Amino acid sequence: MGHHFARFIYLKGSFAPSATSGKAPKVQSEQTVAKAPLAEDAYYRESTAKLKIIVPRHNALSNDFCKWLKKQHCVDAIQERQRVDVRFDLKNKKVLAELKVSYGVGTTKSIREALGQLLEYNYYPGRRAADAWLNFLDDEPSDQDRQFVELLR
């Protein structure tokens, strides 16, 4: 399934018929959603087809970033160690960089996923926090994305 899936997660219990039929669940209007319980249909977060496109783009983004670090700052970066996309030292600071390809999901969801990963890499038990965290996207973030990240800073 690719490098994103280290192990399978088995869900117990019965699933709605649409979860196993391959048919997409019926979309409800906003007024109905507020009164109805959340859908419990199972779904895959990413498809194999999308992953085949994302992986080469992600690798190219990572390689280009590392080449830039070497050329501009004489920094030798480490790629894909302990699930961290890129790590390096700059001016006596440890830096972690999470790179995201926003193809098919958009920049907002890419930022959301990157932030979750950066929090895990820095605060999960047994991990040592970096001095600086970077989130690189392959597409221009929206004004709202920028405002959100600035608010978090």
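Listing for the model above:
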quantity	calculated
Any hit, the range 86-104, residues being in a strand (DSSP E or B), surrounded by 12 or more Cβ atoms within 10 Å (Cβ to Cβ) and touching a residue at least 60 places away in the same chain (Cβ under 8 Å)	no
Those residues of the range 93-126 which are more than 19 Å from Asn63 (Cα to Cα) and in contact with a Phe, Trp or Tyr (Cβ under 6 Å, 6 or more places away or on another chain), in sequence order	Leu118
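Readers should treat all values here as calculations from the given coordinates under stated rules, not as data from a laboratory. Fair warning: this is a prediction, and the values are worked out from it, not measured in the lab. Positions of Cβ are backbone-derived with ideal geometry, glycine not excepted, and every protein chain shown enters the neighbour counts.
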